[in-house]
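Following: one structure in structure tokens, then a few remarks.
The values are calculated or read from the model by the stated rules, or taken from the named source; none is laboratory data. Because the structure is a prediction, the values reported are computed rather than measured. Neighbour counts are summed over all protein chains in view; Cβ atoms, including those assigned to glycine, are modelled from backbone coordinates with ideal geometry.
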Ligand code: NAD
């Protein structure tokens, strides 16, 4: 099939790459000229394991192309994906301006019947809204094309996006017109052949599935974080609690890892957005609201613990390992590291930071903290002359640190392991005043 993907971010670019990999002809469109120029030259704007290789192969064989020109980008397409951002507005609701701009751009430029698939995470009713926007433009301009807007939310995880897109746990398709079901089956035929479950439903249900899934995962993380706070107080071990809970297949061990709080471009924004959607319909989602406030509390608790154990941090220097919200990504959107660093600086500390892929984004996201944040080039530099190590993101390269060397350059030996990476290390408590999460 001939497919256009509008938006070449974490979702659009990976989705475009995978669709080309499974045999479709893909053209990716973005308003960001530099991004498109770079992509045309084989420079990938995001870090996502495996993406570069797939893109390289499909660019070479002309299966995927890039443009900033929407007219050019959609003229031959059977299907147009919308995969632009839906960031949170001040009140937490999803900002639909980018999605609606796509609707307008599509309306102005289509020259035949078309299927539009919305991959962005959007509030219930957005499919109708997009359809209405396009149809009213077409009517006004006396153009008689049939458009169908389908909801097809994306469930990929950053850092594993290529794998997830190739082997999704499920494909959810929300349609209002059963006549286009065949087209959707053709689009996803490679996945259907491989027995990947496809859930056909109506558009509103599909839009809800995405928010309900993300909110559930956020609740699960906040739940175990809350348990971890109590476990620390009563002298219990959260890692063991989570392990034993997870052996029950009604619970599952996934997303039962305590830590510094969830972050990223999805959970914080999607939990707030579903709460706002509910309010509009006169419902209170109390469990999700609690998960949101528990998450804020968790990040604050990390700072409080550091301040308490170090008996104040005024004038002290602290080394932060990891900025991105999780490993294997360069994305720092709503990363717990931001709140933690802001909290430490507010209490008078200077922080030295190092992250394998987050330095570039870190430099502008933490700019407001000025000289209080020192960017370093590697772990060793970061941990020289600091009084405490705070391990925020569990990057592979932080898993086997040579502490016997590191400790020589430290000014004091506090180690706050916010990901419990060294919990099982027998030497760690001999070398450091070691503070994991959820374990005494
Ligand atoms: P992103 O910010 O990384 O990328 C969005 C891209 O869209 C940018 O390159 C931007 O320049 C482009 N864009 C904006 N308006 C445009 C327009 N009118 N025409 C062409 N291009 C335009 O966003 P993302 O992380 O890929 O997320 C996209 C959507 O997918 C969001 O709704 C998000 O909630 C959802 N989602 C994200 C993830 C994830 O892990 N990032 C996972 C599942 C779902």
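Listing for the model above:
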| quantity | calculated |
| --- | --- |
| Cross-chain or 6+ apart pairs with Cβ under 9 Å, segment 283-300 first and touching a residue at least 60 places away in the same chain (Cβ under 8 Å), then outside any helix (DSSP H, G or I) and surrounded by fewer than 21 Cβ atoms within 10 Å (Cβ to Cβ) | 292/92 |
| Number of the exception - residue 107 against (1) part of a helix (DSSP H, G or I); (2) more than 20 Å from residue 187 (Cα to Cα); (3) within 29 Å of the chain's Cα centre (by Cα) | (3) |
| Test: residue in segment 392-408 that is out of contact with any helix residue (DSSP H, G or I) (no Cβ under 8 Å at 6 or more places or on another chain), under 15 Å from residue 351 (Cβ atoms) and crowded, with 19+ Cβ neighbours inside 10 Å | no |
| For residue 15: the one exception among (1) more than 10 Å from the ligand (Cβ to nearest atom); (2) touching a residue at least 60 places away in the same chain (Cβ under 8 Å); (3) closer than 20 Å to residue 116 by Cα | (1) |
| Elements of type strands (runs of 3 or more DSSP E) contained in segment 22-88, each with 2 or more residues being touching a strand residue (DSSP E or B) at 6+ places or on another chain (Cβ under 9 Å) and closer than 29 Å to residue 123 by Cβ | 25-29, 79-82 |
| Residue check for residue 16: under 17 Å from residue 153 (Cβ atoms), part of a loop (DSSP other than H, G, I, E, B) and modelled with pLDDT of 95 or more | no |
| Residue that is surrounded by fewer than 17 Cβ atoms within 10 Å (Cβ to Cβ) and either under 26 Å from residue 224 (Cα atoms) or modelled with pLDDT under 95 (or both), where the choices are 367, 426 | 426 |
| Residue list for segment 119-135, filter: in contact with a helix residue (DSSP H, G or I) (Cβ under 6 Å, 6 or more places away or on another chain) and either free of Cβ contacts under 8 Å to residues at least 60 places away in the same chain or away from the ligand (no atom under 16 Å from the Cβ) (or both) | 130, 133, 134 |
| Qualifying residue in segment 270-284 (condition: touching a strand residue (DSSP E or B) at 6+ places or on another chain (Cβ under 6 Å), assigned to a helix (DSSP H, G or I) and under 28 Å from residue 9 (Cα atoms)) | yes |
| Residue pairs meeting the criteria (Cβ under 6 Å; at least 6 apart or on separate chains; first modelled with pLDDT under 95, in segment 1-12; second near the ligand (Cβ under 6 Å from one of its atoms)) | none |
| Segment 91-102 residues that are more than 14 Å from residue 273 (Cβ to Cβ), paired with ones that are outside any loop (DSSP other than H, G, I, E, B) and near the ligand (Cβ under 8 Å from one of its atoms) (beta carbon under 7 Å, 6 or more apart) | 102/6 |
| Residues of segment 402-419 satisfying the condition of being in a loop (DSSP other than H, G, I, E, B) and farther than 20 Å from residue 341 by Cβ | 402, 413 |
| Entirely in segment 136-243, the helices (runs of 4 or more DSSP H) that have 2 or more residues that are on the phi < 0 side of the Ramachandran plot, touching a helix residue (DSSP H, G or I) at 6+ places or on another chain (Cβ under 9 Å) and within 16 Å of the ligand (Cβ to nearest atom) | 161-166, 203-234 |
| Flag if residue 336 is at pLDDT 95 or above, surrounded by 17 or more Cβ atoms within 10 Å (Cβ to Cβ), within 26 Å of the chain's Cα centre (by Cα) and over 29 Å from residue 311 (Cβ atoms) | no |
| Failed item, numbered, when residue 266 is tested on (1) away from the ligand (no atom under 16 Å from the Cβ); (2) within 27 Å of residue 345 (Cα to Cα); (3) surrounded by 15 or more Cβ atoms within 10 Å (Cβ to Cβ) | (1) |
| Criterion (within 16 Å of the ligand (Cβ to nearest atom), modelled with pLDDT of 95 or more and surrounded by fewer than 19 Cβ atoms within 10 Å (Cβ to Cβ)) met by exactly one of 342, 361 | 361 |
| From the options 93, 77, residue that is surrounded by 15 or more Cβ atoms within 10 Å (Cβ to Cβ), within 24 Å of residue 325 (Cα to Cα) and away from the ligand (no atom under 12 Å from the Cβ) | 93 |
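Yes or no, residue by residue, for (1) on the phi > 0 side of the Ramachandran plot; (2) within 12 Å of the ligand (Cβ to nearest atom):
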| residue | (1), (2) |
| --- | --- |
| 9 | no, yes |
| 25 | no, no |
| 30 | no, yes |
| 50 | yes, no |
| 73 | no, yes |
| 85 | no, yes |
| 104 | no, yes |
